[in-house]
Amino acid sequence: MATIPSEIPAATLAPLPLRALRAFLGVIGQLARRPLSLLGLVIVLMFALMAIFGPMIAPYRYDAILPGAARQPPSAQYLLGADWLGRDVLSRVLWGARDVIALPLLTSIFSVVFGTCIGLLIGFYGGWLDELVSRVLDTLLAIPALVLAMVMLGTIGPSQIGIVIVIVVLYTPIVARVVRSVTLNIRTYGFIEAARLRGESTVYILFREILPGVLPALAVEGALRFSYAIFLTASLGFLGLGVPPPSPDWGRMVNEARSSFSQAPWALWAPAGAIALLIIGVNLLSDGLRRIFRYEGQVT
């Protein structure tokens, strides 16, 4: 029979917020020792600051049509040039960062929360509940993401709330399957049986015993969902199903710049480059998290 240690490490007795802060600082420290992961973190933080302070530092409003500026190349006055209507490209990129980053971040958080709750329940209980919910999740996963998003947005109409709903519906099943897989493994451990014998409630076992073991997978999966959500949001904007005008959606900016690409290619390069750089940064960061947590789960 296992013996209970006479002394418990002080770190274990620390309050939960303090332990969470220590764990967060530990992850940042390990990312700092990996150059590519650190680069990804810097890129993500740079775009986060752009989303927060972009409208404050933008030279003009995103919808301001400047006299005589149509198709002006990059210069001291227009650092990234002007588009075919005479709108400053830099200002539109800075203003548009908020929607392009905030919406994917919000949808990723919702997807992780809902997917975690579903995955914990079906992984812990198993049986008919697992079979029923898993078949529903498989059905959603069998439909191409962009096709399902187009159908749903075509039904409810393009809007910020509509985009959030669509992406949460698309990515919650993926997170749920990942959490279910990890939960199926953890529930066989001895400490879960010990918690049952102590008479702990199901909620306690799920969120105090199993969830900590799921967190490494969730950290990686959340970063991946964020990356995919950015790309999907930009794709929907390109197709005209993103955030409706006059908001400067980067995907729609790319689409609008196609017709005048030969005269003003910078109007396309700037939003397309911003999308690509942000996705690269998130992927580098998620790869660093995967290495830190030694998570080798399957990427969907």
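Here residue 257 passes the criteria (1) in contact with a Pro (Cβ under 8 Å, 6 or more places away or on another chain); (2) open to solvent by less than 30 Å² (accessible area, probe 1.4 Å); (3) hydrophobic (A, V, I, L, M, F, W, C); (4) closer than 26 Å to residue 108 by Cα except the one numbered (4).
Search region 150-174 for residues being more than 20 Å from residue 113 (Cα to Cα) and small (Gly, Ala, Ser), and hand back the single one that is least open to solvent (accessible area, probe 1.4 Å). If we take residues in region 150-174 being more than 20 Å from residue 113 (Cα to Cα) and small (Gly, Ala, Ser), then 157 is least open to solvent (accessible area, probe 1.4 Å).
For region 158-193, a residue qualifies if it is within 12 Å of residue 229 (Cβ to Cβ) and of a type in the set (Phe, Trp, Tyr), and exactly one does: 171.
Condition (residue is among the polar types (S, T, N, Q), without any contact (Cβ under 8 Å) to a residue 24 or more places away in the chain and in a loop (DSSP other than H, G, I, E, B)) applied to region 260-278: is it met by at least one residue?
Yes; the residues of region 260-278 include at least one that is among the polar types (S, T, N, Q), without any contact (Cβ under 8 Å) to a residue 24 or more places away in the chain and in a loop (DSSP other than H, G, I, E, B).
Of all the listed residues (177, 196, 187), the sole one being closer than 30 Å to residue 105 by Cβ and open to solvent by 10 Å² or more (accessible area, probe 1.4 Å) is 177.
Residues are listed down the side, and each one gets a yes or a no for (1) in contact with a Ser or Thr (Cβ under 7 Å, 6 or more places away or on another chain); (2) of a type outside the set (Ser, Thr, Tyr):
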| position | (1), (2) |
| --- | --- |
| 216 | no, yes |
| 219 | no, yes |
| 225 | yes, yes |
| 235 | no, no |
| 243 | no, yes |
| 251 | yes, yes |
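Pairs, please: C-beta under 9 Å, at least 6 apart or cross-chain, first residue surrounded by fewer than 14 Cβ atoms within 10 Å (Cβ to Cβ) and in region 61-78, second among the charged types (D, E, K, R)? From residues that are surrounded by fewer than 14 Cβ atoms within 10 Å (Cβ to Cβ), the pairs are 77/88. Can you confirm whether region 233-254 contains a residue that is free of Cβ contacts under 8 Å to residues at least 40 places away in the same chain and surrounded by fewer than 17 Cβ atoms within 10 Å (Cβ to Cβ)? Checking region 233-254: at least one residue is free of Cβ contacts under 8 Å to residues at least 40 places away in the same chain and surrounded by fewer than 17 Cβ atoms within 10 Å (Cβ to Cβ).
The values are calculated or read from the model by the stated rules, or taken from the named source; none is laboratory data. As the structure is a computational prediction, the values presented were derived from the model and not from experiment. Reconstructed Cβ throughout: ideal geometry from the backbone, glycine too, with neighbour counts over all protein chains shown. What goes into the accessible areas is simple: the full protein's heavy atoms, side chains included, and nothing from ligands, DNA or RNA. Shrake-Rupley method; radii C 1.70, N 1.55, O 1.52, S 1.80 Å.
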